[in-house]
1. Here is a list: 82, 38, 61, 12. Which entry is surrounded by 15 or more Cβ atoms within 10 Å (Cβ to Cβ) and out of contact with any Pro (no Cβ under 7 Å at 6 or more places or on another chain)?
2. Go through segment 181-191 and count every residue that is part of a loop (DSSP other than H, G, I, E, B) and either open to solvent by 50 Å² or more (accessible area, probe 1.4 Å) or touching a strand residue (DSSP E or B) at 6+ places or on another chain (Cβ under 9 Å) (or both).
3. Just the residues that are among the aliphatic types (A, V, I, L, M) and either closer than 12 Å to residue 146 by Cβ or touching a residue at least 24 places away in the same chain (Cβ under 8 Å) (or both), please, taken from segment 85-119.
4. Pairs under 7 Å by beta carbon, first residue at positive phi in segment 26-47, partner modelled with pLDDT of 95 or more, six or more apart or different chains?
5. Can you tell which of 232, 158, 194, 144 is closer than 30 Å to residue 4 by Cα and either part of a strand (DSSP E or B) or not assigned by TED's automatic domain parsing to the domain that holds residue 62 (or both)?
6. Considering every residue within segment 129-143, establish whether at least one is free of Cβ contacts under 8 Å to residues at least 40 places away in the same chain and away from the ligand (no atom under 16 Å from the Cβ).
7. Kindly list the number of the only condition in (1) outside the structural domain of residue 109 (by TED's automatic domain parsing); (2) in a loop (DSSP other than H, G, I, E, B) that fails for residue 210.
8. Given the conditions (1) of a type outside the set (Val, Ile, Thr); (2) in contact with an Asp or Glu (Cβ under 9 Å, 6 or more places away or on another chain); (3) surrounded by 13 or more Cβ atoms within 10 Å (Cβ to Cβ), and given that residue 155 satisfies all but one, which numbered condition is not satisfied?
Amino acid sequence: MKLDVLTLFPQIITPALQTGILKRIQESGELVVNTYNIRDWTTDRHKTVDDYPYGGGAGMILKPEPIFSAVSAMHPTEDTEIIYLTPQGVPLTQSIVEGLSIKSHLIFICGRYKGIDERIRKKIVTKEISIGDYVLSGGEIAALVLIDAIGRILPGALGDFESAHEDSFSKDFLDHPHYTRPVEFEGMKVPEVLLSGHHENIKKWRYTQAIIRTAERRPDIIKNLELTDEELDILREDKNN
Ligand code: 6GU
């Protein structure tokens, strides 16, 4: 996958891609990230990227010409998704991440200031994405969130790819609790079942914990799932205790 990031602050993006899984996946060649400064596509002496909003009001708007030129220089094809990171976009989900992970070419446009000229959205942007209901000072950190989420599921990213999809239930529910050594710490013991070596029981315990935890913390997720009778029993039993 080729991923081009257009931003006024490449220095936010570049260092964050040089560690961990994102570094590894780039070294494998599965992911090529190029970061470009939109200012490099200005043509005036002052390298102007923004201007006052027509109609008045506070804040500056990113001008269309440099962004049109920059996107054009990225040679988008039919399979290119041109994504504008904005709080007005659709809220990011794992299923959007999965959809983007099978594209061959992504272009991210990071906004700053009050936003971008509407004609950029109308003519070249194919998707607008938000990472949540709060406002960041620019799209760069949102772009990094997206790059991380996509990068970690590309083939070859996880040393043990299975660890992302280990449990059959892990895509529907929040994760179950984890323990490592020591077996007792600050008076708290590791649940007996995890020491038993009984794989079926361990699986069942993790599954139960994941469901209970999801119901407690994210009733919105539970409400949108078709729970099996077994899962409903688990929740009923938990309520009784
Ligand atoms: Cl994608 N950009 C900005 N500036 N703020 C945000 C966001 C994006 N997603 C949530 N807040």
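The values are calculated or read from the model by the stated rules, or taken from the named source; none is laboratory data. For clarity, every value in this text was computed on a predicted model and none was experimentally measured. Cβ placement follows ideal geometry from the backbone for every residue including glycine, while neighbour counts extend to all protein chains displayed. The protein model used for the area step is the full one, side chains on, heavy atoms only, and it has no ligands, DNA or RNA in it. Shrake-Rupley method; radii C 1.70, N 1.55, O 1.52, S 1.80 Å.
1. Numbers: 82 fails: out of contact with any Pro (no Cβ under 7 Å at 6 or more places or on another chain); 38 fails: out of contact with any Pro (no Cβ under 7 Å at 6 or more places or on another chain); 61 fails: out of contact with any Pro (no Cβ under 7 Å at 6 or more places or on another chain).
Result: 12 is the single residue among 82, 38, 61, 12 that is surrounded by 15 or more Cβ atoms within 10 Å (Cβ to Cβ) and out of contact with any Pro (no Cβ under 7 Å at 6 or more places or on another chain).
2. Taking segment 181-191 and keeping what is part of a loop (DSSP other than H, G, I, E, B), we get 181-183, 186-187, 190-191.
Filter again for either open to solvent by 50 Å² or more (accessible area, probe 1.4 Å) or touching a strand residue (DSSP E or B) at 6+ places or on another chain (Cβ under 9 Å) (or both), leaving 181-183, 186-187, 190.
Result for segment 181-191: 6.
3. First pass over segment 85-119, keeping only residues among the aliphatic types (A, V, I, L, M): 85, 90, 92, 96-97, 100, 102, 106-107, 109, 116.
Answer for segment 85-119, where residues must be among the aliphatic types (A, V, I, L, M) and either closer than 12 Å to residue 146 by Cβ or touching a residue at least 24 places away in the same chain (Cβ under 8 Å) (or both): 85, 90, 92, 96, 97, 100, 106, 107, 109, 116.
4. Short answer, once both residue conditions are applied: 47/39.
5. Details: 232 fails: closer than 30 Å to residue 4 by Cα; 194 fails: closer than 30 Å to residue 4 by Cα; 144 fails: either part of a strand (DSSP E or B) or not assigned by TED's automatic domain parsing to the domain that holds residue 62 (or both).
None of the others qualify; the one that does is 158.
6. No, that holds for no residue.
7. Going through (1) outside the structural domain of residue 109 (by TED's automatic domain parsing); (2) in a loop (DSSP other than H, G, I, E, B) one by one, residue 210 breaks only (2).
8. Of everything listed in (1) of a type outside the set (Val, Ile, Thr); (2) in contact with an Asp or Glu (Cβ under 9 Å, 6 or more places away or on another chain); (3) surrounded by 13 or more Cβ atoms within 10 Å (Cβ to Cβ), residue 155 misses just condition (3).
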